[in-house]
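Heads up: the structure comes next, in structure tokens.
Only the coordinates and a few stated rules stand behind these numbers; no lab work does. Computed from a predicted structure; not experimentally measured. Using ideal geometry, Cβ is built from the backbone for each residue, glycine included, and neighbour counts are taken over all protein chains shown.
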Amino acid sequence: MTTRVVVLDDYQSAAESRADWAGLDVDFVHEHLVGDALLQRLAGAPVVVAMRERTPFPRSVLEQLPELRLLVSTGMRNASIDVGAARELGITVSGTGMKSGTAAELAWALILGLAKNVAGEDARVRAGGWQQTVGADLAGETLGLVGLGRLGAKVAAVGTALGMDVIAWSPHLTAERAAEGGARLAAKDELFAASRFISLHLVLGESTREIVGAAELRLMPPDAYLVNTARAGLVDQAALRRALDEGWIAGAGLDVYDEEPLPADHWLRTSPRTLLSPHMGYVTDGSFRVSYPDAVEDIRAFLEGTPLRELP
């Protein structure tokens, strides 16, 4: 008898072709499910593969899945899974590898898209018009990085290559570590006041939640842009809404949101001065060709009694 596996949030129908699922009874779910629809689809399945943080698995959900024995998350960190509750309920939680650096690539897509108003000019050309906006220069401008870890350093390297002055701040960043990451250490207020482009690269936690609020947004020059490919919770969303509506800043490029998928009536869908992408920083062919084969490997190892890559 084959093992039933449910692969959630396979929006692009990409999972099946990127791994060898032979011998498994796999249900690929191409839409986002919530509430009763989710529970009904998972009923009786001993194995579930979740895509990063698209579908939350708090205790209240896990307790309603008595036959679930293995929950695989793409990536090795998933804040939307209550790993402690899963362990108490006898559910193993495993992770996978993913290609690194893809969110840094998207950060630059958003920075460049904002600076050159690519989406707006594309729409104008398709409507029969021609150019009407004046793009921003990057060379000679200041790039401020809030967070200078692995991803922030990749963004810094591109900024330097483009001739930008790269500065960085995070709660525990030192001048030495900033230099190693390709940036100059700045105070938080200095970074927000001096940067034409600001990109966020912090891990979301209690100490970093809403680390960018009204005070920081007010410090930004009116021709400055904010880019967030990390987590929506890093930014006070009410303050960001005011900043965009009232023109405190020139614009924002966002890949992460307080609710995903973004509801049809969410304020950001009609907000001015925004460039929006649907949390796709890690959605690349290279990442999927690592994560889905790893997921299958996790499943086979679990079925053989030797779980792999268990999340702490």
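What to note about this one:
- Rounded to the nearest whole angstrom, the semi-axes of the ellipsoid equivalent to the stretch 61-136, taken from the Cα gyration tensor as √(5λ), stand at 46, 15, 9, largest first.
- Built amide H within the under 5 Å cut-off of Val49, gap 5+: Val6, Val7, Leu8, Val72
- The calculated Kirkwood hydrodynamic radius for the stretch 84-239 is 17.0 Å, given to one decimal from all distinct C-alpha pairs.
- Spacing of the two label points (7 Å from each Cα toward its C-beta) at Ala264 and Gln64, in nm: 2.3
- Loop GluC sites (Glu not before Pro), the stretch 263-312, which have at most 16 other Cβ atoms in a 10 Å radius of their Cβ (DSSP): Glu304
- Whole-Hz Karplus values for the stretch 58-64 come out as x, 3, 4, 7, 4, 5, 9 Hz, taken residue by residue from phi with 6.51 cos²θ - 1.76 cosθ + 1.60 and θ = phi - 60°; glycine and proline positions read x.
- Rounded to the nearest 20, the Cβ-based charge dipole of the chain about its Cα centre (Lys and Arg +1, Asp and Glu -1) stands at 440 debye.
- Lys/Arg +1, Asp/Glu -1 at C-beta; the stretch 102-276 dipole; positive extreme among Gly113, Gln131, Ala238: Gln131
- Total charge dipole magnitude, the stretch 235-312, about the Cα centre, Cβ charges on Lys, Arg, Asp, Glu only, Debye to nearest 20: 260
- Angstrom value of the Kirkwood radius, inverse mean 1/r, which spans all Cα pairs in the stretch 1-107: 14.4
- Using only side-chain charges placed at the Cβ, +1 for Lys and Arg and -1 for Asp and Glu, the dipole size of the stretch 102-276 relative to its Cα centre rounds to 220 debye.
- Spin-label pair Asp137-Arg87: with each label point 7 Å from Cα along the Cα-Cβ axis, the two points sit 5.5 nm from one another.
- GNM flexibility winner over the chain from Leu145, Leu173, Leu254 (Cα, springs under 10 Å): Leu173
- From its DSSP helices (H runs of at least four residues, each -39,500 (n - 2.57)), the chain gives a residue-normalised ellipticity at 222 nm of -9000 deg cm²/dmol.
- Legend: ranking of residues Ser195, Ser17 from fewest to most surrounding C-beta atoms inside 10 Å; resulting order Ser17, Ser195.
- Most positive-pole-ward Cα, Pro46, Ser94, Leu217, against dipole of the chain from beta carbon charges: Leu217
- With each label modelled as a point 7 angstrom along the Cα→C-beta vector, the Thr274-Glu180 pair spans 3.8 nm.
- q = 0.12, 0.13 Å⁻¹, the chain: log10 I(q)/I(0) [Debye, one scatterer per Cα]: -0.87, -0.98
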